[in-house]
Amino acid sequence: MSSTRIDNRFADLKRQGRAGLVTFLTAGDPDIDTSFAILKALPDAGADVIEIGMPFTDPMADGPAIQASSQRALKGGQDMKKTLAMIRNFRAADHATPIVLMGYYNPIYIYGVDKFLADAKTAGVDGLIVVDLPPEEDDELCLPALKSGLNFIRLATPTTDDKRLPAVLANTSGFVYYVSVTGITGMTTPDTRAVNASVTRIKRHTKLPVAVGFGVKTAEQARAIAQCADGVVVGSALIDALQATLDTNGKAGASSVGAVTRLVANLAAGVRGARRGAR
Amino acid sequence: MTAPQQPNSFRTGPDERGHFGIYGGRFVAETLMPLILELEKAYGEAKADPAFKREMDGHLTHYVGRPSPLYFAERMTKHLRGIAAARGGNGGAKIYFKREDLNHTGAHKVNNVLGQIMLATRMGKPRIIAETGAGMHGVATATMCAKFGLECVVYMGSVDVARQQPNVLRMKALGAKVVPVESGSKTLKDAMNEALRDWVTNVANTFYCIGTVAGPHPYPMMVRDFQCVIGNETREQMHALEGRLPNSLIACIGGGSNAMGLFYPFLDDKDVEIYGVEAAGHGLNTGMHAASVAGGKPGVLHGNRTYLLMTEDGQINEAHSISAGLDYPGIGPEHAWLNDLGRVTFLSATDEEALAAFQLCCKLEGIIPALEPAHALARVIEIAPKKPKDHLMVLNLSGRGDKDLASVAEHLGGKM
């Protein structure tokens, strides 16, 4: 597989000697226009890689913030076609920032795997994270995705022991997403010492960059994690910042986009200010 | 779609990856994958251990009260023969009820829970979580946790908490913590989401006791195995009573554990007709129902591929049924497979039909059935008069209906 925007971006970050900031937003939350405005503003605010959530009615691995965000998007009529169209529009102006689609398998399966991969590739998607597809189900989407030139980014977790890691890493590409806590998104704050040890452990098994997420909320946490990881993923905290600007009907206001970009800038400063530890 | 090839046996599934044809599988987050593999291994070892089976049989006899009777429903039979005669016929099947309502805790759920709780004990997991719809699985889990001295947390949609108060009180009395789930449609599917979120958070000490033949492998297989006591007993009892196999089996299907337990031991008896009855709610054409085979298509949710109710964009629809136990937008993967192969015939019954069957059963047999098996009884009332008198038909009376009296009274507007 030739190198993707994700590979190029992490190679570039390595040359700069710093970790990357990976930010998450849910497509269509709280409406398609606001969501697109946030997406467009993210690179300048300091996001190095962008994860876009494909909303799903039953997000089993997500905490309350992302659950609510999915429901707002679905209520606003978001669907897969609109999500892919939003990325196509983003790509017209930004050719460098990697885009990773993240979500659950059913909406992809129903859209049709081959059609999804073709349309995602055309829209300018670079990688996929599908929470409910472990390596045991690689035939479903992972292998076809790799064949079509998309990265398939796998989650590794505290329960993924050394014996299992090779199986998890086997068909992973782009980067490894280390879930720093056992649990759902946005709930527990990771213990940076334990994260450090885990990143070191994963790096013994792979040359891929390792990004760490689940529960990162502040610039300080981002800075601490950026000292050992190649990327820091922030999701629920950005959704919370957006949610705080919505009116009682869940509608966006004048401050919605700015609330997200301000926090992204803040987190980016944290990530960029990290002193890279002895590697 | 081309019909799948007929297997030599319908009792060979799942394969080593948990698939029944295209259905089943292990669609779970990585955090849970090692736990599911550990569970599969532990279950395999327990299954091969004669001591495990001996202990289980002991509890089934002395605590659950098995075997449950296979009861000749004489007045129901007579009534349906009367209907046949009024239509100028001379038939009417002989109806038997498999009395799972007489088990301790009042439903078939306990058969499975006993097995899983014994397994949890064997695996050294002190904390049990479960999801529940009607509350029968929650009550069974709370009961077994009390008996085995384990912590118990039950997730239940807040809509179900409101309509199944007696079971909420039973669970609390038994020492379980009942957590009302406010997300999504606030029913069984959301309770399952929340239980999965708990499990992914408390992996080290927690065992997830799933109540039906769904979820990631090995659950559909394991729950089926534990429920097969229903069909195995039925086979022996029918031989003792009539000297032969039944001609047909019928059971209600939400996730489908009572049905799979009755059906499985008969799947290779080609002459035995098998019917599964889904909940048609307000009617299949209203969109307000829980019939995933009749109104859904294959998709992936809660760890397995199976028939699901969903939108064109792959978003899961809310199910609707008067019966909280059938109010789920999916079905066990093995049922999906058996449907496609044509081995099990899927039918449905509406809320109204279930209510009528419920009342008829109370008055003719002195048995208050749960609303879930009342759906299957509704189809018995339709099918039995068309069958000859020597046709032996077994209905799985999967649970008692005391829990449903308040909602039945409400639906009938005090005309009970």
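The values are calculated or read from the model by the stated rules, or taken from the named source; none is laboratory data. Keep in mind that what you see is a predicted model, and the values were worked out from it rather than measured. All Cβ positions, even for glycine, are placed from backbone atoms using ideal geometry, and neighbour counts span all protein chains on display. For accessibility, only protein heavy atoms count, side chains too; no ligands or nucleic acids. Shrake-Rupley method; radii C 1.70, N 1.55, O 1.52, S 1.80 Å.
Points to keep in mind about this one:
- Counting the residues of segment B:107-136 that are crowded, with 23+ Cβ neighbours inside 10 Å, among the small types (Gly, Ala, Ser) and at pLDDT 95 or above gives 4.
- Residues of segment B:170-192 that are within 14 Å of another protein chain (Cβ to nearest Cβ) and crowded, with 24+ Cβ neighbours inside 10 Å: B:Val181, B:Thr187, B:Leu188, B:Lys189, B:Asp190, B:Ala191, B:Met192.
- Taking segment A:215-230 as the range and being open to solvent by less than 10 Å² (accessible area, probe 1.4 Å) and touching a Phe, Trp or Tyr at 6+ places or on another chain (Cβ under 9 Å) as the test, only A:Ala229 passes.
- Count of residues meeting criterion [of a type in the set (Lys, Arg), at pLDDT 95 or above and in a helix (DSSP H, G or I)] in segment B:139-179: 3
- Taken together, B:Leu364, B:Leu360 contain a single residue that is part of a helix (DSSP H, G or I), within 19 Å of B:Ala279 (Cα to Cα) and out of contact with any strand residue (DSSP E or B) (no Cβ under 6 Å at 6 or more places or on another chain), which is B:Leu360.
- When residues in segment A:79-91 are screened for being open to solvent by less than 10 Å² (accessible area, probe 1.4 Å) and in a loop (DSSP other than H, G, I, E, B), 0 of them pass.
- Flag not set for A:Ala241, criterion: in contact (Cβ under 8 Å) with a residue 24 or more places away in the chain and either closer than 22 Å to A:Pro98 by Cβ or surrounded by 15 or more Cβ atoms within 10 Å (Cβ to Cβ) (or both).
- Qualifying residue in segment A:66-85 (condition: of a type outside the set (S, T, N, Q) and on the phi > 0 side of the Ramachandran plot): yes
- Meets criteria (more than 10 Å from chain B (Cβ to nearest Cβ) and surrounded by 24 or more Cβ atoms within 10 Å (Cβ to Cβ)) for A:Val130: no
- No other residue among B:Ala251, B:Ala279 is in contact with a His (Cβ under 9 Å, 6 or more places away or on another chain) and either crowded, with 23+ Cβ neighbours inside 10 Å or among the β-branched types (Val, Ile, Thr) (or both) apart from B:Ala279.
- The condition (being open to solvent by less than 10 Å² (accessible area, probe 1.4 Å), touching a residue at least 24 places away in the same chain (Cβ under 8 Å) and outside any helix (DSSP H, G or I)) is satisfied by just one residue among A:Val233, A:Val195, A:Val181, A:Val260: A:Val233.
- Elements of type strands (runs of 3 or more DSSP E) in segment B:217-324, at least 2 residues being more than 14 Å from chain A (Cβ to nearest Cβ), under 18 Å from the mean Cα position of the chain (by Cα) and in contact (Cβ under 8 Å) with a residue 40 or more places away in the chain: B:248-252, B:273-281
- Checked against the criterion of being within 27 Å of A:Thr182 (Cβ to Cβ) and in contact with a Leu (Cβ under 8 Å, 6 or more places away or on another chain), segment B:60-78 has no qualifying residue.
- A:Asp62 being within 24 Å of A:Val181 (Cβ to Cβ), touching a residue at least 24 places away in the same chain (Cβ under 8 Å) and facing chain B (nearest Cβ under 10 Å): yes
- Residue satisfying all of: in segment A:263-275; assigned to a loop (DSSP other than H, G, I, E, B) and free of Cβ contacts under 8 Å to residues at least 60 places away in the same chain; surrounded by the most Cβ atoms within 10 Å (Cβ to Cβ) among these: A:Gly273
- Among residues of segment A:133-173, those that are acidic (Asp, Glu), at the interface with chain B (Cβ under 8 Å from one of its Cβ atoms) and outside any helix (DSSP H, G or I), counted: 1
- Some residue of segment A:244-255 being surrounded by fewer than 20 Cβ atoms within 10 Å (Cβ to Cβ), in contact with a Pro (Cβ under 9 Å, 6 or more places away or on another chain) and farther than 29 Å from B:Asp198 by Cβ: yes
- Selected residue (only one of A:Lys75, A:Lys115, A:Lys121 is open to solvent by 30 Å² or more (accessible area, probe 1.4 Å), of a type in the set (Lys, Arg), over 20 Å from B:Thr311 (Cα atoms) and more than 10 Å from chain B (Cβ to nearest Cβ)): A:Lys121
- Test: residue in segment A:169-178 that is more than 16 Å from A:Glu51 (Cβ to Cβ), at pLDDT 95 or above and not aliphatic (A, V, I, L, M): yes
- Selection status of A:Lys207, more than 26 Å from A:Ala265 (Cβ to Cβ), open to solvent by 30 Å² or more (accessible area, probe 1.4 Å) and within 14 Å of chain B (Cβ to nearest Cβ): no
Conditions tested, residue by residue: (1) over 19 Å from B:Gly255 (Cβ atoms); (2) open to solvent by 10 Å² or more (accessible area, probe 1.4 Å); (3) small (Gly, Ala, Ser).
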position: B:Thr345; (1), (2), (3): no, yes, no
position: B:Ser348; (1), (2), (3): no, yes, yes
position: B:Ala356; (1), (2), (3): yes, yes, yes
position: B:Gln359; (1), (2), (3): yes, yes, no
position: B:Leu364; (1), (2), (3): yes, yes, no
position: B:Pro369; (1), (2), (3): no, no, no
position: B:Ala374; (1), (2), (3): no, no, yes
position: B:Arg379; (1), (2), (3): no, yes, no
position: B:Ala384; (1), (2), (3): yes, no, yes
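- For B:Lys125, the test of being over 19 Å from the mean Cα position of the chain (by Cα), of a type in the set (Lys, Arg) and not in a helix (DSSP H, G or I) is passed.
- With respect to (1) among the basic types (Lys, Arg); (2) in a loop (DSSP other than H, G, I, E, B); (3) in contact with a helix residue (DSSP H, G or I) (Cβ under 6 Å, 6 or more places away or on another chain), the lone exception for B:Lys403 is condition (2).
- Any strands (runs of 3 or more DSSP E) falling wholly within segment B:1-101 and containing at least 3 residues that are open to solvent by less than 70 Å² (accessible area, probe 1.4 Å), within 14 Å of another protein chain (Cβ to nearest Cβ) and under 19 Å from B:Arg224 (Cβ atoms): B:23-27
- Every residue from segment A:177-189 that is more than 11 Å from chain B (Cβ to nearest Cβ) and under 17 Å from the mean Cα position of the chain (by Cα): A:Ser180, A:Gly186
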